[in-house]
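Okay, structure first, notes after.
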Amino acid sequence: MNVLGLTDAEAADRLAECGLNEPVATVRRSLARQILARFGNPLVLILVLASAASAAVGDWINAVIVVTMVLLSVTIDFVQTRRSERSAEALRELVAQNAVVLRDGVFRVIARRFVVPGDVVRLEAGAMVPADAKLIEAKDLHVSEAALTGESLPVEKSVGEAVLMGTSVVSGTAKALVTLTGPKTAFGAVAKALAERPPASEFERGIVRFGVFVVKTVVFLVLFVFLANAALHRDPLESLLFGVALAVGLTPEFLPMITTVTLTSGAQKMARAKVVVKQLAAIQNLGSLDVLCSDKTGTLTTGEMTLETWVDVQGTTSERPLLLGYVGSYFESGVDNPLDEATLRQANLNPLDSAVLRHPHPDISGFTKLDEIPFDFERRRVSVLVRRGAEKLLVTKGAPEPLFGICANVEADGDVRPFDEELRRHASETFERLSAEGYRVVAVAHALLAAPSCSKDDEQGLTFSGFLAFADPPREDTREVLAGLAAAGVEVKVLTGDSELVTRHVCERVGLPNDQILLGSDIDRMTDPALAHSVEGTRVFARVSPAQKSRIIHALRSRGHVVGFLGDGINDVPSLRTADVGISVSSATDIARDAADAILLERGLGVLLTGIVEGRKAFGNVMKYLLMSTSSNFGNVLSMAAASAFLPFLPMLPSQILLNNFLYDLAQITIPTDTVDPELVKKPRRWDIDVIRRFMLWIGPVSSVYDFLTFYVLFSVFHASEKTFHTGWFVESLVTQTLVIYAIRTARSPFANRPSTPLILTTTSIVALSLVLTFTRLGTLLGFTPMPAIFLAFLVVATATYLVIVDWVKRRVLFYREDTANPAKPRERASSPLTTSEIL
């Protein structure tokens, strides 16, 4: 066994052989593969197939238009995702860990990634174990393995035992020989979970459902048109070309780009709010979120302990335990302890009685530390021996119940008395009362020793002084943020490994209902169906393990909820991957940040509420485009399909159909800038293909009615030729379906919510272009002819009445009752009648 360490040359050779000590399974795909992966989107595939069909029959204009839209969308998505990934990588570098290794006979600090098998590393309190290693020296070593196992209590380690990467040293010192690094470590085995595809999120499921819906509709209409034209003995190639044009006309080819631009805008706003979104789809998933699962520490609470009270055995405020606790905390070695830090802060704010130890506080320079008995999790206490003058004082702090057993006397009412049964009962009652109030309680005792050193044998016959009660106070904004999330239809559920007493107290202070708390031991006895039933009405889960957290999330998703999970440890990775939206923080472990969809640059739930609102705004604007495009396109395609069955010529040339579709989509490119109804952000938004289908089947035929009215006017009034018919319908179709956005973009009256300036400019410009185009040489080349003024007068009347009727149908037929659905019960809501906010 090499305990002398490696030379720099040996370490370089092993680094070349074994690779960097990076356990996180980050797959570096080539640029080409990253771009090609984005073409797996079902809607993008539909557009690519439509483009290919157009090219196959010689319609290159159609093919180029569709491919341009797809490439633009994919490019924007790729650029934004890479920007977010670079932000996440920068965060990883900010928290990169170092290791102390023996190289060339000297201990030096190097980056963890350069540790190799055979290195000898030095471990001390507060250090992270940089790789899997075997202990060759150990003194009072206790290691926390919570990050890997979820066990809250550290374990004692001795020479010959293994320590694992990702664990941390709580107390003691050691030297260890590195045996495994990188992906070969136990940490690396957990990291492999990142390479597995997580369950489909709400956004992904919605895209698939919409893609299937579009495919079915397109196939039906194209077959109908092709067969109808074939029955009329028209040219098969021309009929096929016409059918392909209809297919593209029905497909919302701008949807990928509209979605990407909208989500990118949301990502930029969230970045300013200190939230890094790694995947654009996570923003829309946030908008659909109706359950958020979170730990309490650092989210509901500040994550910083405060010492709130110090009492004697009978629960009366006493400075004595505070003074002794201060002395112990001041001289105690080892890892920074939040309880010790809280004691030192509080003591500095509260001057102590100088007569207690004959020395004024906080100046304790007259005291000298002689010895220490480190904390371990068998004794559950720590002792410090200090001297001032001839007096040698042993101060012991630890868990109350074990400490009671080693105390013979007690300080009560200013006197030292035997610790009899009555006083022990008082001590137990005081401890239970403080625990029930949610405090983390530390007991303090002391004894005078003669020897200049101490051992565990000296922890007997102590004098009990009292209790120190600590609390992790709620964040100042927690109650307000929880109220905001509740108002937004998001139910917060607390999943913690802490005790039910502490958890109940914290929940009471932040106003979170805790009348029913489900313990991890209860969950273990439940079947999955029973757990799925229980999670609906339970807000607080205490003493739960990482595996139990994952079961809870699965149970919630099985009930139709869209679930977010906030976690920061290695043990949280399964839950981060299971949830629809995995959320972590910048200070989390590398693997937790890699598993998350969004990273918070500061703790707390306030920034999440911002993200949820942005997600719902993005969803609302995407839905505007979907509802408008599917309904208008369906109406136009239905009109064309019907007209092609009785007209002696095609109702519109394929090139004109594509130009109409292109200009129409171009008018809607500014939808991501549009404002949304305030009601839109009040509840979770969900993909609902049935809603889109009903909207299409109601509004589409209204559009067709006006198309047929236009046909009638063109034939009966203008005795239209083929070219006049094409021109008249092109203009009417483009103007009505472009301006219908003003009726569809809001669930209110079109005048109640002002559209954005960019949307006004693009829609009015396209309308003007459609009118001017017919008078230009380009219009002539495209088969158009100028229309008389009387037709323009008809167009104004038809468009105005069309928008009025669409608005009436929208508000009176589709939206026939107030939005009273309960967002916390998506299964019940799915079967209820349509509501305003469920559609827009």
Using only the alpha-carbon atoms of the range 676-793, report the extent along each of the three principal axes, biggest first, to the nearest angstrom. 52, 30, 24
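Could you give the length gained by full extension between residue 772 and residue 306, i.e. 0.36 nm per residue of separation minus their alpha carbon distance, to one decimal place?
Numbers: separation 466, 0.36 × 466 = 167.76 nm, distance 7.28 nm.
Answer, rounded to one decimal: 160.5 nm.
Determine the share of the range 406-455's accessible area contributed by carbon and sulfur atoms, expressed in whole percent, with a 1.4 angstrom probe.
51
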For residue 528, what is the net charge nearby, where nearby means another residue's Cβ is under 13 Å from its Cβ and Lys, Arg count +1, Asp, Glu -1? +3
Mean separation of Cα contacts under 8 Å (at least 6 apart) over the residue count of the range 403-479, i.e. the relative contact order in percent, is 41
Using r as the Cβ-Cβ distance of residue 698 and residue 796, and R0 as 30 Å, what FRET efficiency do you calculate, to the nearest 0.05? 0.75
Using a cut-off of 24 Å between alpha-carbon atoms, which lysines can reach residue 392, once sequence neighbours fewer than 8 places away in the same chain are excluded? 369, 456
Inter-probe distance in nm under a simple model that places probes 7 Å from Cα toward Cβ, at residue 519 and residue 55: 6.6
Cα-centre dipole for the range 692-817 with unit charges at Cβ (Lys and Arg positive, Asp and Glu negative), debye to 20: 660
Keeping all protein chains in the complex and leaving out DNA, RNA and ligands, what accessible area do you get for residue 422 with a 1.4 Å probe, in Å² to the nearest 10? 100
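Show 269, 175 ordered by accessible area, largest first, where the area counts protein heavy atoms only and the probe is 1.4 Å.
Correct descending sequence by accessible area is 269, 175.
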What does the accessible area of residue 812 come to, in Å² to the nearest 10, when a probe of 1.4 Å is used? 140
Round to a whole angstrom and tell me the spacing of the C-alpha centers of the range 96-130 and the range 383-455. 39
Given a cut-off of under 8 Å on Cα pairs at least six residues apart, what relative contact order in percent is computed for the range 476-560? 35
The ratio Rg/Rh over the Cα atoms of the range 422-504, Rh being the Kirkwood inverse mean 1/r radius, stands at 1.21
Distance violations [Cα-Cα > 32 Å] among 157/278; 175/278; 216/810: 157/278; 175/278
Once all protein chains are kept in place, residue 329 shows an accessible area at probe 1.4 Å, nearest 10 Å², of 10
Using Cα pairs closer than 8 Å and at least 6 residues apart in sequence, work out the relative contact order for the range 521-590, in percent. 27
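The values are calculated or read from the model by the stated rules, or taken from the named source; none is laboratory data. Only a predicted model underlies this, so the values are computations on that prediction, with no experimental measurement involved. Methodologically, a virtual Cβ is constructed for each residue, glycine included, from the backbone with ideal geometry; neighbour enumeration extends over all protein chains shown. We work out accessible area using only protein heavy atoms, side chains counted, and drop any ligands, DNA or RNA first. Shrake-Rupley method; radii C 1.70, N 1.55, O 1.52, S 1.80 Å.
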